[in-house]
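Bear in mind that the values in this text are calculations on the coordinates, not laboratory data. Only a predicted model underlies this, so the values are computations on that prediction, with no experimental measurement involved. Glycine gets a Cβ as well: all are built from the backbone with ideal geometry, and neighbour counts include every protein chain shown.
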Amino acid sequence: MGIHIEEVESRRDLKRFVAFPSTLYRGNPCWVPPLRLDEMNTLRKDKNPAFEFCDAVYWMAFRNGEPVGRIAGILHRRFNEIWGVKNVRFGWVDFVNDREVSQQLFAAVEAWARSKGMTRVHGPLGFTDMDREGMLVEGFDETGTLATIYNHPYYPSHVEALGYRKDADWVEFHLVPPREVPEKVERLARAVAERYGLRTLKARTRREIVRYAREIFEIINTTYKPLYGFVPLTVTQIDWYVRQYFAFIRPEYVPIVLDRSGKVAAFGITMPSVSTALQRCGGRLLPFGFVHLLRAMRHNDAVDLYLTAVRPEYRDKGVNAILMYEMNVLYAQRHIRSVESNPELESNTKVQAQWRVYGGRQHKRRRCYAKDLVSPGPSPERFVEERQSLFDKPEG
């Protein structure tokens with residue numbers, strides 16, 4: 001029987017789309033499922049504010065009525081306008097080890113891209129940098145994290161066989177924090193704080209952190225602007241992310257540096273690792289998944305680093321030392337033994353230099369692939385006809 005491609009159209013289809021990796025990675029000790037509720041909210045047009053300037057289509061591949069692959073195509077109009085390109089993104093891509101399956105999934109995205117007048121496809125990327133991005137190309141025997149994609153080792157060869165090439169790489173590090181705060185870090189942190197009149201917020205509740213959420217995202221918009229694939233978040237998106245993610249924040253794990261006027265000068269968002277908890281609950285909060293997550297947040301010797309940023313006027317002035325000092329103090333108090341850096345562009349050598357203090361070991365690499373659509377594409381009116389010829393092949 002041949003491969004059949006179907007577009008996701010109903011809520012039931014979308015749930016099947018989100019659930020597919022749970023079957024594909026069953027028994028894999030390194031795969032960490034995302035929270036299914038978050039996945040649904042991200043992919044739903046009536047939930048995610050990115051759909052104000054994004055179009056998206058999702059497809060699933062079937063053989064004998066059983067799902068064997070999935071992929072999303074995203075047309076991000078703001079990204080194209082800001083960067084001056086005609087790109088379509090692919091994301092949420094998973095498939096069995098069958099070249100026909102991967103070929104037809106990517107053919108669906110490419111045909112859709114051409115129908116929209118686009119000339120390039122790249123990914124895996126999401127709607128924003130807050131979504132998982134980058135295909136794993138090294139570190140298949142390392143446990144994933146909440147913030148990252150895990151994929152089977154055969155994925156890159158499938159994608160490259162279809163003409164996709166490296167566009168950008170991110171690297172990740174496994175860090176072992178020192179049991180005591182290094183004297184050099186403490187001395188530098190105090191000197192920088194005194195020189196520029198900076199202090200660290202000692203927040204005790206999430207509400208205190210949320211007060212600064214808008215400022216935090218404004219700094220992200222400013223400092224991350226030149227980074228690969230980044231598009232500044234709108235106010236609506238910022239409010240959505242605050243509601244979606246800040247409920248999980250542990251205040252003591254989020255160092256915020258304030259200037260003399262009380263404005264945010266720098267911040268770091270870290271969190272106890274929930275990888276094991278997500279594996280145990282399969283990415284479901286109910287009926288008892290939230291118990292595993294709460295336990296992981298309270299009792300854990302592993303931490304994930306998510307986001308750090310310094311306001312432009314304080315860049316290259318040693319302010320990072322204050323964040324490192326505060327995190328070192330916390331890690332020593334909580335007996336943290338393992339830290340995951342999460343993805344950072346391979347060109348970001350300044351950040352990577354900081355990990356020498358921790359004896360950092362680069363253990364993962366992930367890649368964004370790109371392919372130019374050089375052949376002339378069909379007009380939008382012919383798209384339905386083209387899809388019919390691509391996917392509705394005779395069985396046999």
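Below, the figures for the structure above:
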| read-out | value |
| --- | --- |
| Qualifying residue in the range 126-149 (condition: hydroxyl-bearing (Ser, Thr, Tyr) and farther than 29 Å from Gln354 by Cβ) | no |
| Residue match in the range 158-172 (condition: within 28 Å of Cys281 (Cβ to Cβ) and without any contact (Cβ under 8 Å) to a residue 40 or more places away in the chain) | no |
| The range 248-265 - residue that is touching a helix residue (DSSP H, G or I) at 6+ places or on another chain (Cβ under 6 Å) and assigned to a strand (DSSP E or B) and, of those, farthest from Arg214 (Cα to Cα) | Val257 |
| Count of residues meeting criterion [part of a loop (DSSP other than H, G, I, E, B) and surrounded by fewer than 19 Cβ atoms within 10 Å (Cβ to Cβ)] in the range 272-327 | 12 |
| Subset of the range 134-157 that is part of a loop (DSSP other than H, G, I, E, B) and aromatic (Phe, Trp, Tyr) - its residue that is nearest to Leu305 (Cα to Cα) | Tyr150 |
| Hits in the range 112-121 (condition: touching an Asp or Glu at 6+ places or on another chain (Cβ under 7 Å) and surrounded by fewer than 21 Cβ atoms within 10 Å (Cβ to Cβ)) | Thr119, Arg120 |
| Helices (runs of 4 or more DSSP H) wholly inside the range 158-228 that include at least 2 residues being surrounded by fewer than 19 Cβ atoms within 10 Å (Cβ to Cβ) and in contact with a Pro (Cβ under 9 Å, 6 or more places away or on another chain) | 206-210, 213-223 |
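Condition check ((1) surrounded by fewer than 17 Cβ atoms within 10 Å (Cβ to Cβ); (2) out of contact with any helix residue (DSSP H, G or I) (no Cβ under 6 Å at 6 or more places or on another chain); (3) within 28 Å of Arg165 (Cβ to Cβ)) across all residues:
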site	(1), (2), (3)
Tyr331	no, yes, no
Asn342	no, yes, yes
Glu346	yes, yes, yes
Gln354	no, yes, no
Lys364	no, yes, yes
Cys368	no, yes, yes
Asp372	yes, yes, yes
